[in-house]
Amino acid sequence: MTRIVTVGAAQLGPISRSESRQQVVRRLLELMHQAKAAGCDLIVYPELALTTFFPRWYMEDQAEIDLFFEREMPGAATRPLFDEAAKLGIGFCLGYAELIEESGRTNRFNATILVDKQARAVGKYRKVHLPGHAEHEPWRAFQHLEKRYFEIGNLGFPAYRVFDGIFGMLICNDRRWPEAYRVLGLQGAEMILLGYNTPVHNPPSPEHDNLANFHNHLVMQSGAYQNGSWVVGVAKCGKEEGVEQIAGSAIIAPSGEIAAAAVTQGDELIVARCDLDLTRSYKTTIFNFAQHRVPEAYRPIVERKGAVPPP
Ligand code: CDV
């Protein structure tokens with residue numbers, strides 16, 4: 001018996017700073033309707049899908065910064081997404097900036113939520129690998145202040161049993177770190193949902209700019225293959241507030257092959273019929289972790305007295 005999850009990757013074109021949540025949600029709903037018409041069980045939106053990518057600006061006024069955050073999920077502006085998803089019977093995964101009171105203090109995370117076909121929140125992930133810097137760096141053409149505006153995610157890399165399979169989430173820069181996929185892979189993840197905002201130009205390493213699209217697919221295809229998992233990578237792309245962001249949204253099979261790929265720099269839905277049982281021939285053979293991985297082999301290197309500590 002096969003376990004098919006038909007997935008839509010809802011690439012978004014630029015969101016301007018002046019665009020309201022309501023306007024953005026209308027775009028998300030349009031893509032949700034397309035996904036339903038295409039037979040999708042699940043639609044995946046990008047990282048920070050409700051606003052422009054605000055970490056590109058240095059801000060000091062916390063009240064101004066907090067305008068980009070959601071205090072409730074769903075809140076007034078996002079409620080229509082949940083209502084429509086329940087009506088259509090489609091799940092969704094949405095990246096957003098989360099502001100939450102926890103342990104007696106205010107916390108801010110770059111988060112993503114997984115919602116099932118009954119519009120119930122069934123999973124959450126908070127970004128662990130926050131790129132960029134915390135202070136204003138005027139030499140840059142634009143800022144990347146995720147380290148200023150967000151705390152490191154405190155949920156680890158949880159995997160969830162939903163949609164008749166095992167699902168995990170990552171956010172943008174996480175996709176460049178093999179251990180992020182591996183921690184999910186070790187929990188049996190069969191599909192990893194991942195949104196991103198990736199400027200073409202990386203100010204500290206402009207010599208990599210012409211490789212931005214190559215690196216994007218390289219890391220996601222490797223992560224899929226090396227863990228025998230589907231990977232759904234979804235961009236917010238195009239020229240947003242003067243900054244060019246890569247597109248290249250892709251749905252990647254456990255073989256590492258691209259099953260569907262975006263061809264535009266704007267709002268675009270791509271769809272793939274994903275057989276979760278395709279993961280088995282990888283998880284039970286070449287990437288049978290229980291059989292072939294040798295975690296204890298790494299331990300003596302780390303623990304050896306006088307060993308050079310990792311940088
Ligand atoms: N939003 C991101 O995490 N962007 C990073 C950029 C800054 C390199 C990325 O890894 O795509």
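The values are calculated or read from the model by the stated rules, or taken from the named source; none is laboratory data. Since the model is a prediction, treat every value here as computed from it, not as a measurement. Positions of Cβ are generated from backbone atoms using ideal geometry, with glycine treated the same way; all protein chains shown enter the neighbour counts.
The figures follow:
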| quantity | calculated |
| --- | --- |
| Residue match in segment 269-282 (condition: within 20 Å of the chain's Cα centre (by Cα), within 13 Å of the ligand (Cβ to nearest atom) and assigned to a strand (DSSP E or B)) | no |
| Where a residue in segment 47-67 is outside any loop (DSSP other than H, G, I, E, B) and within 13 Å of the ligand (Cβ to nearest atom) and its partner, wherever it lies, is modelled with pLDDT of 95 or more and not polar (S, T, N, Q), with Cβ under 6 Å and at least six apart | 54/68; 55/144; 55/145; 55/146; 55/149; 56/142; 56/243 |
| Test for residue 146: is it touching a Gly at 6+ places or on another chain (Cβ under 6 Å), among the acidic types (Asp, Glu) and at pLDDT 95 or above | yes |
| Checking residue 151 against (1) free of Cβ contacts under 8 Å to residues at least 60 places away in the same chain; (2) more than 22 Å from the chain's Cα centre (by Cα), the condition it does not meet | (2) |
| Some residue of segment 34-45 being touching a residue at least 24 places away in the same chain (Cβ under 8 Å), more than 19 Å from residue 117 (Cβ to Cβ) and either touching an Asp or Glu at 6+ places or on another chain (Cβ under 8 Å) or not β-branched (Val, Ile, Thr) (or both) | no |
| All strands (runs of 3 or more DSSP E) inside segment 90-181 with 1 or more residues being on the phi > 0 side of the Ramachandran plot and within 14 Å of the ligand (Cβ to nearest atom) | none |
| Top-ranked residue in segment 94-129 [being touching a helix residue (DSSP H, G or I) at 6+ places or on another chain (Cβ under 8 Å) and surrounded by 24 or more Cβ atoms within 10 Å (Cβ to Cβ); ranked as nearest to residue 66 (Cα to Cα)] | 110 |
| Those residues of segment 187-203 which are within 30 Å of residue 163 (Cα to Cα) and either without any contact (Cβ under 8 Å) to a residue 40 or more places away in the chain or near the ligand (Cβ under 6 Å from one of its atoms) (or both), in sequence order | 187, 196, 197, 198 |
| Failed item, numbered, when residue 91 is tested on (1) under 19 Å from the mean Cα position of the chain (by Cα); (2) more than 20 Å from residue 122 (Cα to Cα); (3) buried (at least 19 other Cβ atoms within 10 Å of the Cβ) | (2) |
| Residue identified as surrounded by fewer than 21 Cβ atoms within 10 Å (Cβ to Cβ) and modelled with pLDDT of 95 or more among 266, 248, 228, 306 | 266 |
